[in-house]
Amino acid sequence: MRVQASSLRKGNVVDLEGKLYVVLTAQNIHPGKGTPVTQLDMRRISDGVKVSERYRTTESVERASVDERDYTFLYSDGEGFHFMNPETYDQVVASPEMVGDAHYYLTDGVTVKLLTHEGVPIGIELPRLATFEVVETEPSVKGQTASSSYKPAVLSNGLKTMIPPYITAGTRIVVLTEDGSYQERAKD
């Protein structure tokens, strides 16, 4: 489907010369003189190469048809990360390059949104929050208040984060999947 370059937004997938690109940033520039242009910073899905393209706002670009559905994470092995569609029970395998740092948050049975193009996973959207156990952290110092600085901790998924001083090893905490930052103590 062809769309105007000016209508593209972050996260859209476009097809340029048979290769798929995900839009990282889209900026419409209106100079005082001359033709308005759209500046697109994109990443090629197949190999991760970043490119920058500039289009006149009236030019059209081929937008790839992307299917966005909920999938359940099953397991990972040498082949990649295995996901299952909970409605049809179809399974797809995502490459480690496509999953990237999201692999820290993939635990058995977690539901994620997978973006697929012709049955091939090209993007992943994690739930906003995830719960993990603190495996290792420094002991809290007596007299330290809750409002003081944070201390480093290692979580059960291998991720390092900063936690409040009153949290000890063995405590389950909730982290933000965007950056791995501490949100609260788990309610379970």
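Across all directions, the shadow cast by the convex hull of segment 67-145 built on its C-alpha atoms averages 7.1 square nanometres. Within segment 6-96, the chymotrypsin sites (Phe, Trp or Tyr not before Pro) that combine a DSSP coil assignment with at most 15 other C-beta atoms in a 10 angstrom radius are TYR89.
Ignoring any ligand, DNA or RNA, what whole percent of the accessible area of the chain comes from carbon and sulfur when the probe is 1.4 angstrom? Heavy-atom surface of the chain belonging to carbon and sulfur, 1.4 Å probe: 48 percent.
Cα-based values for the chain, radius of gyration first and Dmax second, are 21.2, 67 Å. Note on LEU126: accessible area approximately 40 square angstrom, rounded to 10, probe 1.4 Å, nucleic acids and ligands left out. Please identify, among GLY109, GLY123, GLY18, the residue showing maximal mean-square fluctuation in a Gaussian network model of the chain using a 10 angstrom Cα cutoff. Maximum among the listed residues: GLY18. Residues considered: ARG43, ARG172, ARG56. Largest GNM mean-square fluctuation over the chain, using C-alpha springs under 10 Å, is found at ARG56. Per residue, the accessible area of the chain comes to 61 Å² when a 1.4 Å probe rolls over the protein heavy atoms. Anyone know which of GLU97, GLU17, GLU79 comes out most mobile in the 10 Å Cα GNM of the chain? Largest GNM mean-square fluctuation: GLU17. Its Cα centre serving as origin, segment 47-119 has a Cβ charge dipole (Lys and Arg +1, Asp and Glu -1) of approximately 380 debye.
The solvent-accessible area of HIS30, taken with every protein chain present and a 1.4 Å probe, is close to 140 Å². The distance linking segment 34-72 with segment 121-136 is 26 Å (Cα centroid to Cα centroid, whole angstrom). In order along segment 102-117, phi translates into HN-Hα couplings of 5, 4, 4, 9, 8, 10, 3, x, 6, 9, 10, 9, 9, 9, 10, 10 Hz, rounded to whole numbers, per the Karplus curve 6.51 cos²θ - 1.76 cosθ + 1.60 with θ = phi - 60° and x for Gly and Pro. For the chain, the mean residue ellipticity at 222 nm estimated from helices alone is -500 deg cm²/dmol, where every DSSP H run of n ≥ 4 contributes -39500 (n - 2.57) and the total is divided by all residues, rounded to the nearest 500. Other residues lying with their Cβ under 12 Å from the Cβ of THR35 contribute a combined charge of +2, Lys and Arg counting +1, Asp and Glu -1.
Rg and Dmax over the alpha-carbon atoms of segment 1-56 stand at 11.6, 38 Å. Residue order by solvent-accessible surface for THR88, THR116 is THR88, THR116, largest first, with ligands and nucleic acids left out and a 1.4 Å probe.
The values are calculated or read from the model by the stated rules, or taken from the named source; none is laboratory data. All values derive from a computational prediction rather than experimental measurement. With ideal geometry, Cβ positions are generated from the backbone for all residues, glycine too; neighbour counts draw on all protein chains shown. The area values use the complete protein model at the heavy-atom level, side chains included, leaving out ligands, DNA and RNA. Shrake-Rupley method; radii C 1.70, N 1.55, O 1.52, S 1.80 Å.
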